[in-house]
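Colleague: Quick one: this structure, given as structure tokens, is what I'll be asking you about.
No lab work stands behind these numbers, since they all come straight from the coordinates. Since the structure is predicted, the reported quantities are computational estimates derived from the model, not experimental observations. All Cβ positions, glycine included, derive from the backbone under ideal geometry; neighbour counts span all protein chains shown.
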Amino acid sequence: MKPTALVAGNWKMNGLAASRSELEALAVLLKGGAKAACNVLICPPYTLISTFAEMNTDGIAVGAQDCHTGVSGAHTGDISAQMLRDAGAKYIIVGHSERRADHAESSSLVCEKACAVHSEGLRAIICVGETEAERDAGNTLAVVLEQLAISVPEEASPENTIIAYEPVWAIGTGRTPTVDDVAEVHTAIRQALEERFGAEGTGFAILYGGSVKPSNAKELMSAPNVNGALVGGASLKATDFNGIIDAYR
């Protein structure tokens, strides 16, 4: 099974009501150019999910950036996967390095969140990645594969789960690992998925994230076992994001 490529935009804590103009502009660019051999996803802040979903923009799915493990309850400030599905989200990112670092989220908690996503019939994008200190110590593969083993639930499948490798030191810094470095980690992730899930392991999409931009997207997307991108800042502008999608045209 060959994974379907996905180019996903993570808007993080950016975007107001006026930002719908960027989604509209992206839709125009997608319709006006050659069809890209990938799915396209935008994960805006919670405040924009229902607005974007109601725009019913052909070819652009809408997702969320995180969720709580529970369905409902006394969890002030949190939001459940059920609520996000109700708002129109089709995907939910879990385990992003900024959540792991800023909110002390463990891989076990990430696994619980992924299960919550699956319980609502949505697709979980599970993030893994090493810090600069871990990389400098030569522990990249050990760290990434441990996160992968704990964060990915047993019921994961290519239909409900996508993996995103994001070296923490490359997120928003302008620094990117070499294509060979990316290929090494993605190949190790693929092998781990195949060992755990058998033949199904070949079908999981594995995204690369970390300072992806139009100028380096084609080279990065051509690396072995790279099946798309999880894009931060460059996804906020339709022209920049479309330039990354160009890698699949």
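Colleague: Starting with the fewest neighbours, write out ASP136, ASP66, ASP78 ranked by other beta-carbon atoms found within 10 Å of each beta-carbon. If you can, show how the numbers build up before the last one.
Modeller: Details: ASP136 11, ASP66 21, ASP78 14.
In increasing order of surrounding Cβ atoms, one gets ASP136, ASP78, ASP66.
Colleague: Next question, about the same structure. In the stretch 142-249, which GluC sites (Glu not before Pro) are in a loop and have at most 15 other Cβ atoms within 10 Å, using DSSP for the loop call? Don't skip to the end; give the middle numbers.
Modeller: Working: sites: GLU146, GLU154, GLU155, GLU159, GLU184, GLU194, GLU195, GLU200, GLU219; in loops: GLU154, GLU155, GLU159.
Answer in residue order: GLU154, GLU155, GLU159.
Colleague: Calculate one ³J(HN,Hα) per residue across the stretch 213-228 by plugging θ = phi - 60° into the Karplus curve 6.51 cos²θ - 1.76 cosθ + 1.60, and present them in order as whole Hz with x for glycine and proline.
Modeller: In residue order, the calculated couplings are 8, x, 6, 10, 4, 4, 5, 5, 5, 8, 5, x, 6, 9, 10, x Hz.
Colleague: Additional query: So if we plug the beta-carbon distance of ALA149 and LEU29 into 1/(1 + (r/R0)^6) with R0 = 51 Å, what FRET efficiency do we get, rounded to 0.05?
Modeller: For ALA149 and LEU29, the calculated efficiency is 0.85.
Colleague: Also, I was wondering about something else. What ratio of Cα Rg to 2.2 N^0.38 Å holds for the stretch 128-180?
Modeller: 1.27
Colleague: Right, next: Rank these for me by crowding, MET83, MET13, MET55, going from fewest to most other beta carbons within 10 Å.
Modeller: Lowest to highest Cβ neighbour count: MET13, MET55, MET83.
Colleague: Shifting gears a bit: How far apart, in nanometres, would the label points at THR173 and THR187 be if each is projected 7 angstrom from Cα along the Cα-to-Cβ direction?
Modeller: 2.4 nm
Colleague: For the stretch 153-249, what are Rg and Dmax over the alpha carbons, in angstrom?
Modeller: Cα-based Rg and Dmax for the stretch 153-249 come out at 13.6, 39 Å.
Colleague: Check which residues have an amide H placed less than 5 Å from GLY9's amide H, if you skip close sequence neighbours.
Modeller: LEU41, ILE42, CYS43, VAL231
Colleague: Mind listing the long-range amide H neighbours of GLY228? Cut-off is under 5 Å, sequence gap 5 or more, other chains count too, H placed in the peptide plane at 1.01 Å from N.
Modeller: LEU6, TYR208
Colleague: Follow-up question, since we're still on this one. Hey, fewest Cβ within 10 Å first, where do VAL117, VAL226, VAL179 land in order? Each step should come with its number before you reach the end.
Modeller: Details: VAL117 29, VAL226 24, VAL179 17.
Arranged by neighbour count, lowest to highest, VAL117, VAL226, VAL179 become VAL179, VAL226, VAL117.
Colleague: How many angstrom separate the Cα center of the stretch 100-167 from the Cα center of the stretch 1-47?
Modeller: After rounding, the separation between the Cα centres reads 22 Å.
Colleague: Further question: Determine ³J(HN,Hα), in whole Hz, for all residues of the stretch 98-112 in sequence, where each value follows from phi through the Karplus function 6.51 cos²θ - 1.76 cosθ + 1.60 and θ = phi - 60°; x replaces Gly and Pro.
Modeller: Per residue, the Karplus-derived 3J(HN,Hα) values read 6, 6, 4, 7, 6, 10, 6, 7, 8, 5, 5, 5, 4, 4, 4 Hz.
Colleague: If the convex hull of the alpha-carbon atoms of the stretch 6-248 is projected onto planes in all directions, what is the mean projected area in square nanometres?
Modeller: 12.2 nm²
Colleague: Can you list residues whose amide H is under 5 Å from HIS96's amide H, if they're 5+ apart or on another chain and H is modeled 1.01 Å from N?
Modeller: The answer is CYS127.
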